[in-house]
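These notes concern the structure reproduced below.
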Amino acid sequence: MPYVSSRRRAPTKPLVEIPQTLSEITGPSWGARDVVKGACDLTAQHSGSPLGPRIVVSGRVLDEDGRPQPNMLVEVWQANAAGRYLHRNDQHNAPLDPNFTGEGHTLTDEQGRYRFVTIRPGEYAWGNHHNAWRPAHIHFSLFGPAFATRLVTQMYFPGDPLLAFDPIFNCTADERARNRLISQFDWDTTVPCEALGYHFDIILRGREATPMEDGHDHGR
Ligand SMILES: [Fe+2]
């Protein structure tokens, strides 16, 4: 079953090229002032701890030659452990978690590294077709040195049985490219008695590029 929204959202007319102006090409430049302290820990944004298995998601942002990309604004959003987003469009009957907003951000360091502490998101049902379920995933947005350099993608978890059936994951026709969207379990970043570690490198361009979404159109 294909991703139904692709049909609805695909352009019906030729694309109109809009020239980029100075403000889009040169800015903004992100710095420490743009980052809320603690925004990289999605388990510590409320008075209590959110429900669900704690995880650490980390990796590097690299260009096609493996060069680290510092000062990239990395934003994430995700469902809670029950598979529900804190969003008015998500009204399905899984419970909200008062201790989980499901949003975070951080800047990459000089080695291009980022790190989030969060909980493993739940799978959720969606309306694409009968009995459609999305595999567990975390949405990622990356801003480079300009507004024109935003990329959006999703990270998945290894061994998820729903991946084979997911129209969004399978939008990427090339199997090797598709599999780059799956994070790897990582002992090195697993925190004893605290959280499993998952590693997810994001490659911006080139043959090994991480597949990206063309538009930022689904909060789900
Ligand atoms: Fe989602």
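Quick look at the values:
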read-out: Spans of strands (runs of 3 or more DSSP E) in the stretch 93-165 with at least 2 residues away from the ligand (no atom under 16 Å from the Cβ); value: 103-107, 113-119, 137-143, 150-156
read-out: Residues satisfying the stated conditions in the stretch 203-220, i.e. in a strand (DSSP E or B) and modelled with pLDDT of 85 or more; value: ILE203
read-out: Flag if ARG88 is within 16 Å of the ligand (Cβ to nearest atom), assigned to a loop (DSSP other than H, G, I, E, B) and crowded, with 17+ Cβ neighbours inside 10 Å; value: no
read-out: Failed item in (1) at pLDDT 95 or above; (2) more than 30 Å from THR189 (Cα to Cα), with GLY52 passing the rest; value: (2)
read-out: Residues that are surrounded by fewer than 10 Cβ atoms within 10 Å (Cβ to Cβ) and outside any helix (DSSP H, G or I), drawn from the stretch 3-43; value: ALA10, PRO11, THR12, LYS13, PRO14, LEU15, VAL16, GLU17, ILE18, PRO19, THR21, LYS37
read-out: Selection within the stretch 98-112 - closer than 21 Å to VAL191 by Cβ and over 15 Å from the mean Cα position of the chain (by Cα); value: ASN99, PHE100, ASP109, GLN111
read-out: Those residues of the stretch 188-206 which are surrounded by fewer than 16 Cβ atoms within 10 Å (Cβ to Cβ) and of a type in the set (S, T, N, Q), in sequence order; value: THR190
read-out: In the stretch 167-177, the residues that are buried (at least 17 other Cβ atoms within 10 Å of the Cβ) and either within 15 Å of the chain's Cα centre (by Cα) or within 21 Å of ARG150 (Cβ to Cβ) (or both); value: ILE168, PHE169, THR172
read-out: Test: residue in the stretch 192-202 that is away from the ligand (no atom under 15 Å from the Cβ) and assigned to a helix (DSSP H, G or I); value: no
read-out: Hits in the stretch 33-86 - residues which are polar (S, T, N, Q) and under 29 Å from CYS193 (Cβ atoms); value: THR43, GLN45, SER47, SER49, SER58, GLN78, ASN80
read-out: Set VAL57, VAL61: member being within 21 Å of ALA136 (Cβ to Cβ) and assigned to a strand (DSSP E or B); value: VAL57
read-out: Residue list for the stretch 64-76, restricted to those being in a strand (DSSP E or B) and open to solvent by 40 Å² or more (accessible area, probe 1.4 Å); value: PRO68, GLU75
read-out: Qualifying residue in the stretch 100-120 (condition: crowded, with 16+ Cβ neighbours inside 10 Å, under 23 Å from ALA164 (Cβ atoms) and touching a residue at least 24 places away in the same chain (Cβ under 8 Å)); value: yes
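The values are calculated or read from the model by the stated rules, or taken from the named source; none is laboratory data. This one's a predicted model, so the numbers in the text were calculated from it and none came from an experiment. Backbone-built Cβ (ideal geometry, glycine too); neighbour counts: all protein chains shown. Surface accessibility is based on the protein's heavy atoms, side chains included, excluding ligands, DNA and RNA. Shrake-Rupley method; radii C 1.70, N 1.55, O 1.52, S 1.80 Å.
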